[in-house]
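S.K.: Dropping a structure here in structure tokens format, bear with me for questions.
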Amino acid sequence: MTGDRKRVLYEWYKSHHICTQCLREDATPGRTLCPDCAEKNRDRAARRRAAKRDEINLQQKQRNLKLRENGLCRCGRPARPGKALCIECAVKDNRKTIERRHARGQTMPLGLRKELHICLRCQKPAVEGYCYCEEHLAKQREHMAKAIADEKRQEAIEYWKRTMILPRRG
């Protein structure tokens with residue numbers, strides 16, 4: 001059977017909503033295959049991917065190592081100094097991780113913790129007017145004292161003062 005003839009038959013079966021693979025069953029609405037043939041194709045593709053998984057992983061690992069050696073992120077942009085990812089990819093990864101943890105119920109969104117006056121580090125009630133419980137507030141104050149001694153951290157200090165350590169206003 002020539003290619004043109006196959007194409008004509010394919011188009012005929014497709015236009016009559018008949019599965020283009022088994023040529024017997026009705027195709028799923030909006031598709032060209034019946035549910036059975038579609039399932040067989042999915043299984044076949046999954047087996048093929050599983051057989052090549054090690055090869056694919058090795059290729060990806062080699063690509064990432066080569067990019068890292070050249071100071072590039074996995075997306076091809078320059079990585080941050082001393083890091084493997086650019087700022088955009090790092091932010092995306094961080095957001096995905098946070099969303100995944102929220103979805104699993106491992107953590108509670110930051111805004112909700114603040115509203116419920118729950119410590120940002122554990123599930124204990126926060127000290128009135130603060131974002132931390134007694135234990136973590138003391139630890140946070142120690143960290144702040146160390147940071148104040150280090151002049152390089154002034155920007156971080158100002159951020160923490162505004163958002164976490166000082167009493168809430170309002």
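The values are calculated or read from the model by the stated rules, or taken from the named source; none is laboratory data. Only a predicted model underlies this, so the values are computations on that prediction, with no experimental measurement involved. For neighbour counting, all protein chains shown are included, and Cβ atoms are generated from backbone atoms with ideal geometry for every residue, glycine included.
S.K.: Which condition does Glu39 not pass, out of (1) surrounded by 10 or more Cβ atoms within 10 Å (Cβ to Cβ); (2) acidic (Asp, Glu); (3) modelled with pLDDT under 95, if it passes all the others?
M.R.: Glu39 satisfies all of (1) surrounded by 10 or more Cβ atoms within 10 Å (Cβ to Cβ); (2) acidic (Asp, Glu); (3) modelled with pLDDT under 95 except (3).
S.K.: Just one of Arg31, Arg53, Arg5 is at pLDDT below 95 and touching a helix residue (DSSP H, G or I) at 6+ places or on another chain (Cβ under 8 Å); which is it? Steps first, please.
M.R.: Values: Arg53 fails: touching a helix residue (DSSP H, G or I) at 6+ places or on another chain (Cβ under 8 Å); Arg5 fails: touching a helix residue (DSSP H, G or I) at 6+ places or on another chain (Cβ under 8 Å).
Testing whether each residue is at pLDDT below 95 and touching a helix residue (DSSP H, G or I) at 6+ places or on another chain (Cβ under 8 Å) leaves just Arg31.
S.K.: Let me ask something else about it. Search the stretch 113-163 for residues being modelled with pLDDT of 80 or more, among the aliphatic types (A, V, I, L, M) and closer than 25 Å to Thr97 by Cβ, and hand back the single one that is farthest from the chain's Cα centre (by Cα).
M.R.: Residue satisfying both the conditions and the ranking: Ala126.
S.K.: Conditions: (1) touching a Ser or Thr at 6+ places or on another chain (Cβ under 7 Å); (2) outside the structural domain of Trp12 (by TED's automatic domain parsing). Pro35 meets all but one. Number of the miss?
M.R.: (2) is the only condition that Pro35 fails.
S.K.: With respect to Ala27, is the statement that it is in contact (Cβ under 8 Å) with a residue 12 or more places away in the chain and in contact with a Lys or Arg (Cβ under 7 Å, 6 or more places away or on another chain) true?
M.R.: Numbers: in contact (Cβ under 8 Å) with a residue 12 or more places away in the chain: yes; in contact with a Lys or Arg (Cβ under 7 Å, 6 or more places away or on another chain): no.
Taking the combined requirement at face value, the residue does not satisfy it.
S.K.: Can you find a residue in the stretch 67-84 that is among the polar types (S, T, N, Q) and either in a helix (DSSP H, G or I) or in contact with a Leu (Cβ under 7 Å, 6 or more places away or on another chain) (or both)?
M.R.: No, the stretch 67-84 contains no residue that is among the polar types (S, T, N, Q) and either in a helix (DSSP H, G or I) or in contact with a Leu (Cβ under 7 Å, 6 or more places away or on another chain) (or both).
S.K.: Suppose we filter Ala50, Ala79, Ala45 for residues that are over 30 Å from Ala126 (Cα atoms), surrounded by 11 or more Cβ atoms within 10 Å (Cβ to Cβ) and not assigned by TED's automatic domain parsing to the domain that holds Val127; which single one remains? Step through it out loud before you land on a result.
M.R.: On the way: Ala50 fails: surrounded by 11 or more Cβ atoms within 10 Å (Cβ to Cβ); Ala45 fails: surrounded by 11 or more Cβ atoms within 10 Å (Cβ to Cβ).
Every option except Ala79 fails the conditions.
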